[in-house]
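Peer 1: So that we are looking at the same thing, I have put the structure below in structure tokens.
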Amino acid sequence: MINKSMQDAMNDQINKELYSSYLYLSMAAYFEDKNLPGFARWMRIQEAEEREHAMKFYDFILERGGKVTLKAIDAPKTEWKSTLEVAEEVAAHEAKVTASIHALYELALKEKDYPAQVMLQWFITEQVEEEKNAAEIVANLKLIEERGTAVLMLDHRLGKRNGD
Ligand code: FEO
């Protein structure tokens, strides 16, 4: 049977995963509004994954004879300054989730909860992938932004050209 501290920590994690889902759904809506269906699709897929993550904790608590307790989900942001800002926020958010998963793993070690350790290893691997994907998108967007700046610089230079 799952102990109380692990159960409480996993119930908190359900809330964090559902908040992630809500945040990504809000980002998907932002991209739809900006006519960027590809980015919106990326966020919708992320959103569905976060619900699956929440359900993994939900089912694990139940399988171990614990009690699932759902809490209020905070409202996510609805506006961002740019696509890059959204991607950077995804990357920062995933880093926070990773820290939270690692804290759960530390608790599982302390409590000698071996089934939780096995279950959490899946999440540890998953977070490596999630952070890598977000970092790649941030890097690509920065590259696009730099190229845009280079075009503007060239435009500026051409604008100064004498007509001879
Ligand atoms: Fe549930 Fe994106 O981590």
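Peer 1: From the list LEU62, LEU36, which residue is over 14 Å from the mean Cα position of the chain (by Cα), modelled with pLDDT under 95 and among the hydrophobic types (A, V, I, L, M, F, W, C)?
Peer 2: Numbers: LEU62 fails: modelled with pLDDT under 95.
Answer to the selection: LEU36.
Peer 1: Right, another one. Step by step: first the residues of segment 78-102, then only those that are touching a residue at least 40 places away in the same chain (Cβ under 8 Å) and surrounded by fewer than 13 Cβ atoms within 10 Å (Cβ to Cβ), then the one that is nearest to GLU17 (Cα to Cα). Which residue is that?
Peer 2: So the residue we want is THR78.
Peer 1: May I pose another question? Only one of these is more than 16 Å from the ligand (Cβ to nearest atom) and modelled with pLDDT of 95 or more: MET1, MET55, MET6. Name it.
Peer 2: On the way: MET1 fails: modelled with pLDDT of 95 or more; MET55 fails: more than 16 Å from the ligand (Cβ to nearest atom).
Answer to the selection: MET6.
Peer 1: Assess whether LEU70 counts as being loosely packed, with under 15 Cβ neighbours inside 10 Å, without any contact (Cβ under 8 Å) to a residue 60 or more places away in the chain and assigned to a loop (DSSP other than H, G, I, E, B). If you could, list the steps in order and put the result at the bottom.
Peer 2: Working: loosely packed, with under 15 Cβ neighbours inside 10 Å: yes; without any contact (Cβ under 8 Å) to a residue 60 or more places away in the chain: yes; assigned to a loop (DSSP other than H, G, I, E, B): yes.
Yes: the conditions hold for LEU70.
Peer 1: Right, another one. With the requirement that a residue be over 30 Å from THR83 (Cβ atoms) and free of Cβ contacts under 8 Å to residues at least 12 places away in the same chain, what does segment 122-164 give you?
Peer 2: In the first step, residues of segment 122-164 are kept if they are over 30 Å from THR83 (Cβ atoms); the result is 122, 160-164.
Once the filter is applied, which keeps residues that are over 30 Å from THR83 (Cβ atoms) and free of Cβ contacts under 8 Å to residues at least 12 places away in the same chain, segment 122-164 yields LYS160, ARG161, ASN162, GLY163, ASP164.
Peer 1: Scan segment 104-125 and tell me whether some residue there is in contact with a helix residue (DSSP H, G or I) (Cβ under 6 Å, 6 or more places away or on another chain), under 30 Å from TYR30 (Cα atoms) and more than 15 Å from the ligand (Cβ to nearest atom).
Peer 2: Within segment 104-125 (the criterion being in contact with a helix residue (DSSP H, G or I) (Cβ under 6 Å, 6 or more places away or on another chain), under 30 Å from TYR30 (Cα atoms) and more than 15 Å from the ligand (Cβ to nearest atom)), the answer is no, since none of the residues qualifies.
Peer 1: Name the residues in segment 56-99 that are hydroxyl-bearing (Ser, Thr, Tyr) and either in contact with an Asp or Glu (Cβ under 8 Å, 6 or more places away or on another chain) or farther than 30 Å from TYR30 by Cβ (or both), would you?
Peer 2: Here is the first cut: in segment 56-99, the residues hydroxyl-bearing (Ser, Thr, Tyr) are 58, 69, 78, 82-83, 98.
Those that are hydroxyl-bearing (Ser, Thr, Tyr) and either in contact with an Asp or Glu (Cβ under 8 Å, 6 or more places away or on another chain) or farther than 30 Å from TYR30 by Cβ (or both): THR69, THR98.
Peer 1: Same structure again: Identify, by number, the condition in (1) under 30 Å from ILE2 (Cα atoms); (2) in a helix (DSSP H, G or I); (3) small (Gly, Ala, Ser) that ALA40 doesn't meet.
Peer 2: (1)
Peer 1: Can you tell me how many residues within segment 24-52 are among the acidic types (Asp, Glu) and away from the ligand (no atom under 11 Å from the Cβ)? I'd like the intermediate steps shown before the answer.
Peer 2: Initially, segment 24-52 is screened for residues among the acidic types (Asp, Glu), giving 32-33, 47, 49-50, 52.
Checking which are away from the ligand (no atom under 11 Å from the Cβ) leaves us with 32-33.
Residues in segment 24-52 being among the acidic types (Asp, Glu) and away from the ligand (no atom under 11 Å from the Cβ): 2 in total.
Peer 1: What's the number of the condition GLU85 fails, among (1) more than 26 Å from MET10 (Cβ to Cβ); (2) within 11 Å of the ligand (Cβ to nearest atom)?
Peer 2: So the condition that GLU85 fails would be (2).
Peer 1: Going by the conditions given, is GLU85 under 13 Å from the mean Cα position of the chain (by Cα) and either among the hydrophobic types (A, V, I, L, M, F, W, C) or part of a helix (DSSP H, G or I) (or both)?
Peer 2: Against the criterion (under 13 Å from the mean Cα position of the chain (by Cα) and either among the hydrophobic types (A, V, I, L, M, F, W, C) or part of a helix (DSSP H, G or I) (or both)), GLU85 does not qualify.
The values are calculated or read from the model by the stated rules, or taken from the named source; none is laboratory data. In this text the structure is predicted, and so the values were computed from the model without any measurement. Every residue, glycine among them, receives a Cβ derived from its backbone with ideal geometry; neighbour counts consider all protein chains shown.
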